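These notes concern the structure reproduced below.
The values are calculated or read from the model by the stated rules, or taken from the named source; none is laboratory data. Note that the structure is predicted; figures quoted are calculated from it, not measured. Glycine gets a Cβ as well: all are built from the backbone with ideal geometry, and neighbour counts include every protein chain shown.
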Amino acid sequence: MRTLSEAEQWWHYSRQCAAALHAGLSPTPVSVFGPVLEPGETALVTASVGYARFCGTNANYTSMPLIVAGRPAVMVGALAVQGLVNHRRKAAAQRQAAPQWRWHQTSSVIVTTDRLLCATRPHGLVSLWFGDCTEFHPDLQQWTLTLNFGSIAPVRFSGVATPALSLFSAHGIFGEAWADDPRLAALLS
């Protein structure tokens, strides 16, 4: 008998959980140790996933000072080189500061009935409350889940556990209406 890959195991688990939720059954809780959950909050799944944030950053550059003495042709050439170098440094700083996916890392995530708890290097333990979610973008084919919470930089999860994160996040955000989202239909087929 063939052993299922980790991706296949997560996919089957996600489909089983989706069928149970669709049938009106409550998710099976898991035990977590460390984070303190709110009264009535239950942990549903823990996983390691890819984590990134979409944001810009401050990127400064300093222009290269130039002091040249000599013939006019040498001075004009030096000023042209200085202008080119400064232009390239400024353009590189602007590219670096532009909004893009940053802080790529593997994060331990706990999905609860109320939020996602993410252990991140730059910010420690981050709570992403379903009640604060303003955008929900699951992509089961690409194994990603992108969420926006309005006041913070959008977050993207990636990896084999994202179908389960997508399912439980949708259930936390939309309640029973999660099953109406066509992007999650593959979990019910």
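Worth a mention:
- Residue match in the range 63-76 (condition: of a type in the set (Lys, Arg), at pLDDT 70 or above and more than 26 Å from Thr144 (Cα to Cα)): yes
- The range 173-189 - residue that is surrounded by fewer than 21 Cβ atoms within 10 Å (Cβ to Cβ) and not aliphatic (A, V, I, L, M) and, of those, farthest from the chain's Cα centre (by Cα): Ser189
- Condition met for Ala119 (over 18 Å from Cys17 (Cα atoms), in contact with a Leu (Cβ under 6 Å, 6 or more places away or on another chain) and surrounded by fewer than 20 Cβ atoms within 10 Å (Cβ to Cβ)): yes
- Filtered residue count, the range 1-17, keeping only those that are over 23 Å from the mean Cα position of the chain (by Cα) and among the basic types (Lys, Arg): 1
- From the list Pro39, Pro27, Pro35, the lone residue that is part of a loop (DSSP other than H, G, I, E, B) and at pLDDT 95 or above is Pro39.
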